Each structure stands twice: as structure tokens, then as C-alpha cells.
Amino acid sequence: MVKNVKLKVSLLSYTTNPEQNIVAAIRQCYSQVGAKELKEKTNKETRERLIRQIMASGHTSTLEHASFTFAVEGVSRVTEIQLVRHRIGCSYSIQSGRYVKRGEAQYVIPPVILNGDKKVLKKIKKHFENTQKLYNELLDLGIKAEDARYLQPQSLKTKIVVTMDARALLHFLTLRCCRRAQWEIQALAREMLRVVKKKAPILFENAGPSCVSQGICFEGDMSCGLWKTIKGAELKTRIKNE
Ligand SMILES: Cc1cc2nc3c(=O)[nH]c(=O)nc-3n(C[C@H](O)[C@H](O)[C@H](O)COP(=O)(O)OP(=O)(O)OC[C@H]3O[C@@H](n4cnc5c(N)ncnc54)[C@H](O)[C@@H]3O)c2cc1C
């Protein structure tokens, strides 16, 4: 029986008082007093003002002083490949296909297929079942999981631990909450945003695609047009004379 696995994102850990940490780092740049004291003494209003100020100016290296570690489950290898393209300020640990034997078939099925033609869905599930059966046969024949896994499709679900510092996370959210990103990584990014917003509401208050976070869409002809619904947002190019 093929299981259609649902996306699950949990926050494993994160920097204690992430916004206070960041503000202590911001203030340290201009203060004779040490960061510990600055962290303890900065009030909520100043904290909010300073975070908004550095976000607006783009001087965001101080955001690297807070990080978030997520446990991600139920994403496909397709999304794993897209996720690990984010290199800067990001760390990954991924369930190994060499050491973890996939005893039962667990695959991600795109909603368009899941909610579409029943006959097509049946065929796809059959294909997954056959693949899993053959995979198990190979293991029974003594073939190592690291070789048997070559049979598995990209829809095979995986588990990932990912840590991102806040600067990297905001960049990731800009690219992957955008409607131009594929549905699965978009769902992952949106879920990550929902989770971290509870821990650092000021830091992530405007996080999301560039039309939301900066009021600019850079997608040109490929734009989904969401920017048109956002007050003051514009469609822009990064090239000066265009
Ligand atoms: C909608 C969408 C479609 C995509 N389609 C494709 C595709 O068809 N094929 C494909 O291969 N990829 C594709 N990608 C992946 C994309 O090209 C990036 O690899 C991915 O989004 C990671 O972005 P990044 O490099 O900005 O992130 P990071 O690797 O985290 O880098 C963050 C930032 O650091 C800086 N940086 C990082 N490395 C360097 C460097 N070596 N030199 C200078 N500055 C650096 C850059 O400013 C960069 O934006 C797609 C991404 C999206 C969102």
C-alpha cells in the first residue's frame, strides 16, 4: 500500500530570545557598553525600531546571530534537492539512503495528481508499489540499500534537519515563498515561516516573496501578478536601463 506522506515541520531548537540577541549585536556596533548589558537593557520599542531599521537598510549581517533548527518530514527528494541549493548560512543532515532501508513505500504525490483523474492516480500508485516490491526483492537478494535505492523515484519521502541563520532564512523565504517556486518547497517555506513567526514576530513580520517583503517583484514576464494586489508594490528589473 502506497502512503501519501504529509509535510511536517517542527522547530527543534532556536537561539534563545533571537530578537534580543540581534539587537544586542546591532547596538554593540555603536556602543561602549558590552552586548550582555545591552541585551538586558534594551526595551521593546527600541528593539522593534532597530530591527525594522536594519531590515529597511539591508545591513543584515547582525541577523546571523540568531539561528533556527527545523526537523522536516514528509518532503520528496525533489524538494530536498531544491532545499540544499541554499548554501550560505544553512546546514543540513539528511536521512541516508545507504544506511536507512525503506521497508515500506512512502512517496509524496503532487496535489494535482492526487486530486485529479482517479485512473492516473491508480496507475502511479501501482508504479510506486511495483518499485517498492522490486526494491525489497533486491534487499532480500543481499543487494545493499545504497545500490537498491537507485530504483527509487524522486517522489520518495525523506527526513531532514535544517539549520538556518535568520539572514539565510529570510533569503530562503524570499525565494521559496514566491509563487514561482514549486508547490512543495513553497509549502515547506510557508510552514517554516509560520513556525518562526511565533518566536521572532518582528524579524519575520514582512518575510515572504519580494513583492511582500520589499514591495518589488523581479520576475518580469514570469510574474504571477501578486504584486498588483499589494499596495505600493512594483514590477521592477535589476537592470538599470530596462
Ligand atoms: C523559482 C526558482 C527556480 C529555480 N530554477 C532553477 C533551475 O532551473 N536550475 C538550477 O540549477 N537552479 C534553479 N534554482 C535554484 C537557484 O538558482 C539557487 O541555486 C537557489 O535558489 C539558492 O539561492 P542562492 O544561491 O541565492 O542561495 P545561497 O546559496 O544560500 O546564497 C545566498 C546568497 O549568497 C551569495 N552567494 C552565494 N554563493 C556565492 C558565490 N559563489 N559567489 C558570489 N555570491 C554568492 C548570493 O548573493 C546568494 O544570493 C531555482 C530557484 C528558484 C527560487
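Restricting the range 104-200 to GluC sites (Glu not before Pro) that sit in a DSSP loop and have at most 15 other Cβ atoms within 10 Å of their own Cβ leaves E104.
Computed from label points 7 Å out along Cα-Cβ, the spacing between K144 and K123 is 3.7 nm. Of the chymotrypsin sites (Phe, Trp or Tyr not before Pro) found in the range 17-87, those that fall in a DSSP loop while having at most 10 other beta-carbon atoms within 10 Å are Y30.
The Cα center of the range 201-237 and the Cα center of the range 45-62 differ in position by 19 Å. Distance from the C-alpha centroid of the range 144-192 to that of the range 63-108: 6 Å, rounded to the whole angstrom. Under 5 Å from the amide H of I216 lie the amide H atoms of C211, E234, each residue being 5 or more positions distant or on a separate chain, with H modelled from the backbone and absent for Pro and chain starts.
Net charge in the neighbourhood of D147 (other residues with Cβ under 15 Å of its Cβ; Lys, Arg +1, Asp, Glu -1) is +2. The ellipsoid equivalent to the alpha-carbon distribution of the range 62-199 has semi-axes of 31, 20, 10 angstrom, derived from the gyration tensor eigenvalues as √(5λ) and listed largest first.
Kindly rank 19-25, 84-90 from highest to lowest mean number of other beta carbons found within 10 Å of each residue.
19-25, 84-90
For the pair V112 and E205, the difference between a 0.36 nm per residue extended length and the Cα-Cα distance amounts to 30.4 nm.
In order along the range 189-195, phi translates into HN-Hα couplings of 4, 5, 5, 4, 5, 4, 5 Hz, rounded to whole numbers, per the Karplus curve 6.51 cos²θ - 1.76 cosθ + 1.60 with θ = phi - 60° and x for Gly and Pro. Our helix-only sum for the chain, with -39,500 (n - 2.57) per DSSP H run of n ≥ 4 divided by its residues, gives a mean residue ellipticity at 222 nm of -12000 deg cm²/dmol.
Dividing the convex hull volume of the alpha-carbon atoms in the chain by its residue count gives 158 Å³ per residue.
Along the range 210-219 the Karplus relation, 6.51 cos²θ - 1.76 cosθ + 1.60 evaluated at θ = phi - 60°, assigns HN-Hα couplings of 4, 5, 7, 6, 10, x, 9, 10, 9, 7 Hz to successive residues, with x for each Gly and Pro.
Where in the range 79-162 are there chymotrypsin sites (Phe, Trp or Tyr not before Pro) that are in a DSSP coil and have at most 14 other Cβ atoms within 10 angstrom of their Cβ?
Those that pass, being in a loop and sparsely packed, are Y99.
All other residues whose Cβ lies under 13 angstrom from that of S210 are scored, Lys and Arg at +1 and Asp and Glu at -1, for a net of +3. In the range 121-242, the ratio of gyration radius to Kirkwood radius, Rg to Rh, stands at 1.16 when only Cα atoms are counted.
Each reported figure results from applying straightforward, stated rules to the coordinates on display, with no laboratory input. From a predicted model like this one, the values you see are computed outputs, not experimental measurements. Counting neighbours? That spans all protein chains shown, and the Cβs are built from the backbone with ideal geometry, glycine included.
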